[in-house]
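Peer 1: This is the structure, below, for whatever I ask next.
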Number of protein chains: 6
Amino acid sequence: MKLKIYRKAHFNAAHRLHNPDWTQEKNDEVFGKCNNPNWHGHNYVLTAEVTGELDPATGYVIDIKILKEIIQEEIEERFDHRNLNLDVEEMKGLNPTAENIAVVCWNLIRKRLEPKYELKIRLHETERNFVEYDGNI
Amino acid sequence: MKLKIYRKAHFNAAHRLHNPDWTQEKNDEVFGKCNNPNWHGHNYVLTAEVTGELDPATGYVIDIKILKEIIQEEIEERFDHRNLNLDVEEMKGLNPTAENIAVVCWNLIRKRLEPKYELKIRLHETERNFVEYDGNI
Amino acid sequence: MKLKIYRKAHFNAAHRLHNPDWTQEKNDEVFGKCNNPNWHGHNYVLTAEVTGELDPATGYVIDIKILKEIIQEEIEERFDHRNLNLDVEEMKGLNPTAENIAVVCWNLIRKRLEPKYELKIRLHETERNFVEYDGNI
Amino acid sequence: MKLKIYRKAHFNAAHRLHNPDWTQEKNDEVFGKCNNPNWHGHNYVLTAEVTGELDPATGYVIDIKILKEIIQEEIEERFDHRNLNLDVEEMKGLNPTAENIAVVCWNLIRKRLEPKYELKIRLHETERNFVEYDGNI
Amino acid sequence: MKLKIYRKAHFNAAHRLHNPDWTQEKNDEVFGKCNNPNWHGHNYVLTAEVTGELDPATGYVIDIKILKEIIQEEIEERFDHRNLNLDVEEMKGLNPTAENIAVVCWNLIRKRLEPKYELKIRLHETERNFVEYDGNI
Amino acid sequence: MKLKIYRKAHFNAAHRLHNPDWTQEKNDEVFGKCNNPNWHGHNYVLTAEVTGELDPATGYVIDIKILKEIIQEEIEERFDHRNLNLDVEEMKGLNPTAENIAVVCWNLIRKRLEPKYELKIRLHETERNFVEYDGNI
């Protein structure tokens, strides 16, 4: 039997939406107040969805303690109380939109999961705005 | 890369479930207290899910400000503080169940979105009852 | 020992804000879209707060099953799936603002509670707009 | 037109994660504090997702009152205020992980639904940990 | 300036409402399904409210890291994944109603706080049922 | 009759906790990761509570549209998508803890309210950490 397992986590970070290849006018036009040079920030909520086979011995698809640890090490320790433009190596050269953050989170968790699992990431930037990525390219 | 973008919105409206082709007895039997001739109402929560390709220049699949405006113009201005049986042209002749409202919302937003995007609508009538429609016919 | 006990309940109703002593212009100016003659509606959330002494035999201040029944009989059966302007005897002659609904709910629950208890009512009209009444006159 | 209809319900239950074929050491290693012999418990939240065709006469995919009754009879009456290891016939011989509870809930609701409907179950054990099952084997 | 600081925490526990001085009939009559001899359980949510003076050097009333640690050591380590009737020394001889758990939590946190602070505890047993205690006797 | 009226609003901002009179070591010790020189941020939730007399002509204590406008002009336009250390005149010289932000918000809204109203501010920095201020000095 195949099931999906979900684990939610949080991180609080600063960011600024900005494309350095554009003029200030173009940046203001596209990113508006999200382009504030002094930054703003969010309480991000990440939900990892892992799909896999039920192990009859444990009754688990994946031990959620292990999934929780992967998220803590890969996401919370890297992103929490950080500036997403300046402090996170994996975000360098990327505009820290919810989309790009979700793709980076997917890549970070993916490399820690056994290949037999499928992975999807949902990332809330606010209660009303969120994105989802499943590795589809 | 393909991602999904979500935007949540709200509208507060009155409605009554009723099939004019049926007797009052049949209406009462099927729709119960939802058939109150003096109406009742809900705080509806609409979530639009848009699927599309990531634009590397912006880091956006769709500018969420544009999606927010489409929802405000097509949904909130049309449905908020209205009677869904009497006040909304697009609902005429339809029983305003959550299902039918979701289909109408999907049609209204769909015609404003570029063809390259896919659209799904989730509509909460209450915290415990909700529906989803993706244009599938 | 004195503690507070809370019980939450829901009802979905239609209403219209309107003062019949005023002109249509004054009503529109003060109540705006809430004055729609065809009604609109809300998912109301009522929280009753009861303050009283801890009974050492039960470990209860009040049996929450009894409080739940009082709210069902006095509030849910009276207000749920109703029109607050037309269908509820106790609202007659009152403009059904969140404030007036909360006062009516307080009076209805108060008369069912033993005098030894204190009562406060919180009423959510939306997630962002709510009121509280404790019988203070 | 095909839509999805969702209904949320709750039950509060005790459980203990334990594999009787394992040593106590192995159980402690795998299940940690979830293996407490004196039990612990959760407020479970079950969401049933039913997919089907819109009936133009009612505007319903399924009458949500019927879905609510199925969930009350099959899930709430069976699981609420129970011990999932000791009190529920259908859980006998199963480790009551969220995964296994979701599979049992799916089977119980599935046999009450007409074959024309598809069913998916989401089960929250906590706000941060949840699972999903759609009958996939 | 005096402010209130709040910190929320969670614990998942089993319990049974029962008065050993009563007959089984009386216990069933008063506690109903909460008297299940095989236990049931909840995801409890505790909110500690601390009132105190603003320290101008830190901008804090109390360092919330310290409040978080007190709650972890006194409440989460003691109550999480435990049986409130069997496993918690401080609950011995008490019927584990939300009221009695809140009083025990208040006492445990109070003795760790400096006397200059006031303390109130809110404890959610479910999303709809909760209690509050501020040390009032 | 006296009631309380509540209005909730949101703003997303960057900040850094830091006391310029202290050494870097002392700042790190007291503020930990909140002292990151590159900032971090939050989705703040502000709830304004206004206490006043019920006006029998309107059924309002205060027109919530007016309260909403005051919060938009004084709080959202000033704090949203800003850096609370650098961009907000009223925060200059203050460490932007939740406590200090709440006091500044209280002062900004207080001066816009008629003297007959009482005001309390609740400010959520995260879902688990929040503060409350009512002008008490």
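The values are calculated or read from the model by the stated rules, or taken from the named source; none is laboratory data. Not measured: the values here are computed from a predicted model. Ideal geometry is used to build each Cβ from the backbone, glycine not excepted, and the neighbour counts take in all protein chains shown. Accessible surface is based on the protein model in full, side chains and every heavy atom, while ligands, DNA and RNA are left aside. Shrake-Rupley method; radii C 1.70, N 1.55, O 1.52, S 1.80 Å.
Peer 1: Could you give the dipole magnitude of the protein assembly as shown about its Cα centre, charging the beta-carbon of Lys and Arg +1 and that of Asp and Glu -1, in debye to the nearest 20?
Peer 2: Values: 114 positive and 144 negative charges, 0 e Å.
Dipole size: approximately 0 debye.
Peer 1: Let me ask something else. When you count, for each residue, the other Cβ atoms within 10 Å and take the mean per peptide, how do D:69-77, C:25-33 rank with the highest first? Don't skip to the end; give the middle numbers.
Peer 2: On the way: D:69-77: 16.4, C:25-33: 14.3.
My ranking of the peptides, most packed first, is D:69-77, C:25-33.
Peer 1: Mind checking which of B:Asn43, B:Pro20, B:Val104 is farthest towards the positive end of chain B's charge dipole, using Cβ charges of +1 (Lys, Arg) and -1 (Asp, Glu) about the Cα centre?
Peer 2: Most positive-ward Cα: B:Asn43.
Peer 1: Just read off the accessible area of E:Trp39 with the full protein assembly in place, 1.4 Å probe, to the nearest 10 Å².
Peer 2: Surface accessible to solvent at E:Trp39 totals approximately 40 Å².
Peer 1: For chains C and A related by rotation, which residue of C has the Cβ nearest the axis, and what is the rounded distance in Å?
Peer 2: Residue with the nearest Cβ, plus whole-Å distance, for chain C: C:Glu127, 5.
Peer 1: So what are the stretch D:45-101's ellipsoid semi-axes, whole angstrom, largest first, if each one is the square root of 5 times an eigenvalue of the alpha-carbon gyration tensor?
Peer 2: Each semi-axis is the square root of five times an eigenvalue, giving 30, 12, 8 Å.
Peer 1: Can you list the copy-to-copy distances for E:Glu29, using a point 7 angstrom from Cα toward Cβ, in nanometres, shortest first?
Peer 2: 4.3, 5.4, 6.3, 6.3, 7.9
Peer 1: Under a point spin-label approximation (7 Å from Cα along Cα-to-Cβ), what is the A:Asn38-E:Lys2 distance to one decimal in nm?
Peer 2: 3.4 nm
Peer 1: Go through the stretch A:94-137 and flag every residue whose accessible area shrinks by 50 Å² or more with all protein chains in place compared to the isolated chain (probe 1.4 Å).
Peer 2: Flagged in the stretch A:94-137: A:Glu99, A:Arg128, A:Asn129, A:Phe130, A:Glu132.
Peer 1: If you don't mind, another one. Holding the Cα-Cα limit at 30 Å, pick out from A:Lys116/B:Lys8; A:Lys8/E:Lys92; C:Lys120/D:Lys68; E:Lys2/F:Lys92; C:Lys120/F:Lys68; D:Lys8/E:Lys68 the pairs that are longer than that. Display every interim value, and only then the final one.
Peer 2: On the way: A:Lys116/B:Lys8 34 Å; A:Lys8/E:Lys92 35 Å; C:Lys120/D:Lys68 32 Å; E:Lys2/F:Lys92 21 Å; C:Lys120/F:Lys68 25 Å; D:Lys8/E:Lys68 32 Å.
Checking Cα-Cα distances, A:Lys116/B:Lys8; A:Lys8/E:Lys92; C:Lys120/D:Lys68; D:Lys8/E:Lys68 exceed 30 Å.
Peer 1: Using a label point 7 angstrom from Cα along Cα-to-C-beta, what distances in nm, from shortest up, separate E:Ile66 from the other copies?
Peer 2: Nearest to farthest, the other copies are at 4.1, 4.3, 4.3, 5.3, 6.2 nm.
Peer 1: Of all the accessible heavy-atom surface of chain F, with the other protein chains kept in place and a 1.4 Å probe, what percent is carbon and sulfur?
Peer 2: Working: 2780 of 5710 Å².
Whole-percent figure for carbon plus sulfur exposure: 49.
Peer 1: Find the Rg to Rh ratio for the protein assembly as shown, where Rh is the Kirkwood radius over alpha-carbon pairs and Rg uses the same atoms.
Peer 2: Numbers: Rg = 26.8 Å, Rh = 28.5 Å.
That ratio equals 0.94.
Peer 1: Follow-up question, since we're still on this one. Quick one: buried accessible area between B and D, total over both chains, 1.4 angstrom probe, nearest 100 Å²? Write down the numbers at each step before the final one.
Peer 2: Numbers: alone 8350 and 8370 Å², together 14880 Å².
Buried: approximately 1800 Å² between D and B.
Peer 1: Once you have the alpha carbon radius of gyration of chain E, what is it after dividing by 2.2 N^0.38 Å, with N set to its residue count? Can you show the working numbers first?
Peer 2: Values: Rg = 16.6 Å, N = 137, 2.2 N^0.38 = 14.3 Å.
Computed over Cα atoms of chain E, the ratio equals 1.16.
Peer 1: Let me ask another. Among C:Ala14, C:Ala98, C:Ala57, which one moves the most in a GNM of chain C with springs linking Cα atoms closer than 10 Å?
Peer 2: In this elastic network of chain C, the residue with the biggest mean-square fluctuation among C:Ala14, C:Ala98, C:Ala57 is C:Ala57.
Peer 1: Determine the distance separating the Cα centre of the stretch C:89-137 from the Cα centre of the stretch F:1-48; give it in Å without decimals.
Peer 2: After rounding, the separation between the Cα centres reads 35 Å.
Peer 1: Moving on to the next point. D for the stretch C:1-40, whole µm²/s, Stokes-Einstein with Kirkwood Rh over alpha-carbon pairs at 10 °C and 1.306 mPa s: what number? Show your work: numbers first, answer last.
Peer 2: Values: Rh = 12.8 Å.
Value of D from the Cα-based Kirkwood radius: 124 µm²/s.
Peer 1: Say a label goes 7 Å from Cα toward Cβ at B:Asn136 in every copy; what distances in nm does this one have to the rest, shortest first?
Peer 2: 1.4, 1.4, 5.3, 5.4, 5.5
Peer 1: Against the longest alpha carbon principal axis of chain E, how many degrees, from 0 to 90 and to the nearest 10, is the axis of helix E:98-110 turned?
Peer 2: 30 degrees
Peer 1: What is the magnitude of the charge dipole of the stretch D:18-116 about its Cα centre, with +1 placed on the Cβ of each Lys and Arg, -1 on the Cβ of each Asp and Glu, and no other charges, expressed in debye to the nearest 20?
Peer 2: Numbers: 11 positive and 19 negative charges, 3 e Å.
Its charge dipole is roughly 20 debye.
Peer 1: D:His10 accessible area, nearest 10 Å², 1.4 Å probe?
Peer 2: Approximately 60 Å² for this residue.
Peer 1: In vacuo Debye scattering of the stretch B:67-126, one point per C-alpha: log10 I(q)/I(0) at q = 0.25 Å⁻¹?
Peer 2: Ignoring solvent entirely, the Cα scatterers give -1.15.
Peer 1: Per residue, what accessible area does the protein assembly as shown have, given a 1.4 Å probe and all protein chains present, in Å²?
Peer 2: Ligands and nucleic acids excluded, the result is 42 Å² per residue.
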